[in-house]
Amino acid sequence: MSYVVAVRALCEFTAKHGDLDMRFTPSPTAQQGIAGHTLVASRRGESYQAEVSLEGNYQDLRVRGRADGYNPGNNQLEEVKTFRGDLADMPDNHRQLHWAQVKIYGWLLCQKLDLAEVRLALVYFDIASQQETLLVELHSAQSLKDYFEGQCEKFLGWARQEMAHRAARDAAVTALAFPYAAFRPGQRDLAEAVFRSANAGRCLMVQAPTGIGKTIGTVFPLLKAMPRQKLDRLFFLAAKTPGRQLALDALALINNSAPAMRLRVLELVARDKACEHLDKACHGESCPLAKGFYDRLPAARSAALTAPTPSGPLNKEALRTVALAHGVCPYYLSQDLVRWTDVIVGDYNYYFDTSALLYALTVGNQWRVSVLVDEAHNLVERARKMYTAELDQTDLAAVRLSANPTLRKPLDRLHRAWRDLQKDSPGSPGSPRSPGSADQAYQVRPDLPDKLMLALQNAISAIAENMDMGMESKPALVDVLLQRFYFDALHFSRMAESFGEHSLFDITLAHGLNTRLSSAALQHSRLCIRNVMPAPFLAPRFAAAQSVALFSATLSPQNYYTDMLGLPADTVWLDVQSPFVSEQLSVQVARHISTRYPHRERSLAPISALMARQYAAKPGNYLVFLSSYDYLEQLALRFDHDHPHIPIWTQTRRMDEAARAEFLARFTQEGQGIGFAVLGGAFAEGIDLPGDRLIGAFIATLGLPQINPVNEQIKQRMGERFGQHLAYDYTYLIPGVQKVVQAAGRVIRTTSDQGVIYLMDDRFTKAQVQQLLPRWWQVEVLRTLPLPQDAPIEFKQPF
């Protein structure tokens, strides 16, 4: 058995030395890099061979990769590196790494073609000037063989250790038993479906009720499938911190349930949460943990992975302990450990985002991976944000004010192109308006404006060159505002490259004061490439994995998530039967209440009275969910005035983790009172309050997204793509009711729980709404309401 390693991975392990240096250096985009490689190849002539696949063996190692190009005419093997700025500023350890790569490729080519010698060339291509700088060396096959074997020797001990770990892991997983005495009802169906889909290499969607143990019910069978499917890694992706913690707990339980189990589990956390020195820059001249990072990394890596008895997952705290003991950065240590761990637990963005680390490593190293997507109903909205880009005109105005003369011209050209774009926008002074329209401050354009995009590209290039020169002269004085605008513009440009029917290009006009610039009144606009359907972007992510399992309590209707996420046509669907029965949960619809925006003030009294009546009948812990903070505050004030003897506590805007923990701590087994929360917020999903910690919930909203110009445009696009009969459901109804079901799922967590749900809106009586509710619910409609002060509301509109 051989250990397979990519040339780049081998060289990064053996030839990377010195400081970690993450200072901003403008670099080519992926598209520019591809274009640069293509241009270089086009200059070489017909005999030039691009993308040459090479591989070779050394003892237990099989090294493989793809060299950028080979010219048989002059026997020259080339490694092309695109760059921007001054080549002399490239750190020496980067150059060493590049030479290591081309030398490894050089030996593999000599071996393949039986060459006695070969010319090796590093081709540095400046994307701005499109000029090449060639660094050429002539090497004998014997010298390259010696170098190749030397690098392999440095890696061989680690590779053998990794093979031994893999063999022990697979043996332990094969013998692994479920860590509990028995499966919960429905949990076995879930586990079997995950196992079968992993073995078949297919995508799986599972709708399974909250409380059956979905996390361990998906992790366990996927671990069992790893040996048979020769899986390298398992990715567990979650939308929120509680989901990641449940996965870490489940994996720790599995690790501790089998004496032979040595599963390596890594948690990825955001950089700002892992950074030890937030006041310092990420380079050796500023941060002590970046100084000599790559020199100390091997010892830290070994300590993290080869402890005789792992005490638990490599979570944030464990990584910090290891990193600080070896004087390295915890965040970048975790980035390295991704390559050597079995299970990685992290946020959605690590696999699905535009620059996703896990996806890039999977593709680059040809890993066989399986992916678990927790609370997958969140992926639609999260992915839309990943593939949406915005530019604000006030940000451009701010950087123009502080720009040096070199930048002023390209920024002024961008400003003029932007100004011309909005001249004919509805709502701008003197522009035509649609008949009967008010001040139309929002407009959708069918295409991206060529003039603006050209000006934006020129501005991006100019900013990059300017910032590169600034880094050279005064690296500590980077213009933060300019850098932020550069990143926003770069993302906008990247999203423009893939603009299509899955996205909208819209302009939002705003009038008012720009306090960042002056007190003068002005008009400005915001440009947005707004993703509506993330399917085209996510489909390659699903295709790159051996199998994917998406699970949630709310994944219906199936066609909505298939259409939105770009799931394969042969995706398997499973709706797990609930272990709960209708006798456990009383679901009551208050049909005499409307929570539509015009009726909210009149709804306060009946909602307050209904909550008080239920609390009087059975005191305990309750949650009430509302559509906005404004509505929440109004109801909380009214309820506290009407019923001051009942304890209440409220969710507030921008609560930090400590405040959220304090909110949840009020829900004790013996506690009594009502917590007020926003539907779709931190307390509407992903929290576990079993038994008497929560005995009921009042949901005073249908959860529908706000009707506004943006959502109406999304609705129009949904109708064009999927048919008018689905436009409203896809835009409003399904996302709204999904939030309601998630919030209601906080009440019944185990088969012994008892509780009550009040759905407080007449629209819950509609058939198209009730068909989206859980099948095991027995919904009853209240005939009367306690209305001490207000008369019943009369209303006719269906939604």
If each of Ala659 and Glu712 carries a label point 7 Å out from its Cα toward its Cβ, how far apart are those two points in nm?
3.4 nm
Relative contact order of the chain, defined on C-alpha pairs under 8 angstrom at six or more residues apart (%):
13 percent
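Under 1.5 on a/c is rounded, so check that first for segment 597-679, then, if it is not, pick prolate when a/b is larger than b/c and oblate when it is not; a ≥ b ≥ c are the square roots of the alpha carbon gyration tensor eigenvalues. Display every interim value, and only then the final one.
Working: a/c = 2.26, a/b = 1.13, b/c = 2.01.
Judged from the Cα gyration tensor, segment 597-679 comes out oblate (a/c at least 1.5, b/c at or above a/b).
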Rounding to the nearest 10 and keeping the result within 0 to 90°, find how far the Cα-based axis of helix 629-642 lies from the longest principal axis of the chain.
30 degrees
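For segment 89-178, what does the accessible surface come to per residue with a 1.4 Å probe? Please give it in Å².
On the way: 4010 Å² over 90 residues.
Counting only protein heavy atoms, the per-residue value for segment 89-178 is 45 Å².
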If contacts are Cα pairs under 8 angstrom and at least 6 residues apart, what is the relative contact order of segment 198-321 in percent?
23 percent
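Using a 1.4 Å probe over the heavy atoms of the protein chains, calculate the carbon and sulfur portion of the accessible area of segment 514-616 as a whole percent.
Summing carbon and sulfur atoms, their accessible area is 51 percent of the total for segment 514-616.
How would Lys103, Lys423, Lys280 line up by accessible area, probe 1.4 Å, largest first?
Highest to lowest solvent-accessible surface, that is Lys423, Lys280, Lys103.
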Carbon and sulfur: what percent of segment 224-375's accessible surface (1.4 Å probe)?
53 percent
Along the positive direction of the dipole of the chain (beta-carbon charges: Lys, Arg +1; Asp, Glu -1; about the Cα centre), which of Ala459, Ala389, Val587 reaches farthest?
Val587
Beta bridge orientation in the chain: antiparallel %, DSSP, nearest 5
40 percent
Can you tell me the order of 316-322, 532-538, 742-748 when each peptide is scored by its average per-residue count of other Cβ atoms within 10 angstrom, highest first?
742-748, 532-538, 316-322
Taking max minus min of the Cα coordinates of segment 120-218 on each principal axis, largest first, gives extents in Å of 68, 40, 22
For segment 275-428, what does the accessible surface come to per residue with a 1.4 Å probe? Please give it in Å².
40 Å²
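May I ask you to derive the FRET efficiency for Gln245 and Ser628 from their Cβ-Cβ distance with R0 = 35 Å, giving the value to the nearest 0.05?
Approximately 0.80, to the nearest 0.05.
What's the extension gain from Leu87 to Lys451 if we count 0.36 nm per residue and subtract their Cα-Cα distance? Each step should come with its number before you reach the end.
Values: separation 364, 0.36 × 364 = 131.04 nm, distance 3.13 nm.
Difference between extended and current length: 127.9 nm.
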Quote to one decimal, in nm, the extra length available between Lys423 and Ser402 on full extension: 0.36 nm per residue of separation minus the C-alpha distance between them.
5.0 nm
Just going by the charge dipole of the chain, with Lys and Arg at +1 and Asp and Glu at -1 on Cβ, which of Met261, Ala141, Leu10 is farthest out on the positive end?
Met261
How big is segment 147-277 on each of its three principal axes, counting only the C-alpha atoms and giving the largest first in Å?
58, 41, 31
Spin-label point model (7 Å from Cα, Cβ direction): what's the Asp488 to Arg416 distance in nm?
2.3 nm
In cubic angstrom per residue, the convex hull of the chain built on its Cα atoms measures 190 Å³
For segment 29-126, shape from the Cα gyration tensor axes a ≥ b ≥ c, cut at a/c of 1.5 then a/b versus b/c, turns out oblate
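State the percentage of accessible surface on segment 1-154 attributable to carbon and sulfur atoms; use a 1.4 Å probe and exclude ligands, DNA and RNA.
Details: 3340 of 7160 Å².
Exposed carbon and sulfur together represent 47 percent of the surface.
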At 0.36 nm per residue, minus the direct Cα-Cα distance, what do Lys154 and Gln577 gain on full extension? Give it in nm, one decimal, please.
146.9 nm
Taking square-rooted eigenvalues a ≥ b ≥ c of the alpha carbon gyration tensor, is segment 647-749 rounded, prolate or oblate, where a/c under 1.5 means rounded and, failing that, a/b exceeding b/c means prolate?
prolate
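Please report the projected area of segment 197-251's Cα convex hull averaged over all directions, in nm². Please list the in-between numbers first.
On the way: hull surface 16.7 nm².
Result: 4.2 nm².
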Using 1/(1 + (r/R0)^6) with R0 = 60 angstrom and r between the beta carbons of Thr306 and Arg602, what's the FRET efficiency to the nearest 0.05?
0.35
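Accessible area per residue for segment 617-705 in Å², computed with a 1.4 Å probe and the full protein assembly in place, what is it? Mind dumping the intermediate values first?
Values: 3820 Å² over 89 residues.
Per-residue value: 43 Å².
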Residue among Ala323, Ala303, Asn711 farthest towards the positive dipole end of the chain, charges placed on Cβ
Asn711
Simple spin-label estimate for His641 and Asn74 in nanometres, 7 Å along Cα-Cβ:
8.5 nm
Karplus 3J(HN,Hα) series, Hz, for segment 205-221 with 6.51 cos²θ - 1.76 cosθ + 1.60 (x for Gly, Pro):
10, 10, 9, 9, x, 4, x, 8, x, 5, 5, 6, x, 10, 5, 4, x
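Quote the charge dipole size of the chain about the Cα centre in Debye, to the nearest 20; the model charges only the Cβ of Lys and Arg (+1) and of Asp and Glu (-1). Present the calculation step by step, with values, prior to reporting the outcome.
Details: 85 positive and 83 negative charges, 193 e Å.
For this selection, approximately 920 debye.
The values are calculated or read from the model by the stated rules, or taken from the named source; none is laboratory data. Since we're looking at a predicted model, the values are computed, not measured. Don't worry about glycine lacking a Cβ; one is built from the backbone with ideal geometry, like all the others, and counts go over all protein chains shown. The protein model used for the area step is the full one, side chains on, heavy atoms only, and it has no ligands, DNA or RNA in it. Shrake-Rupley method; radii C 1.70, N 1.55, O 1.52, S 1.80 Å.
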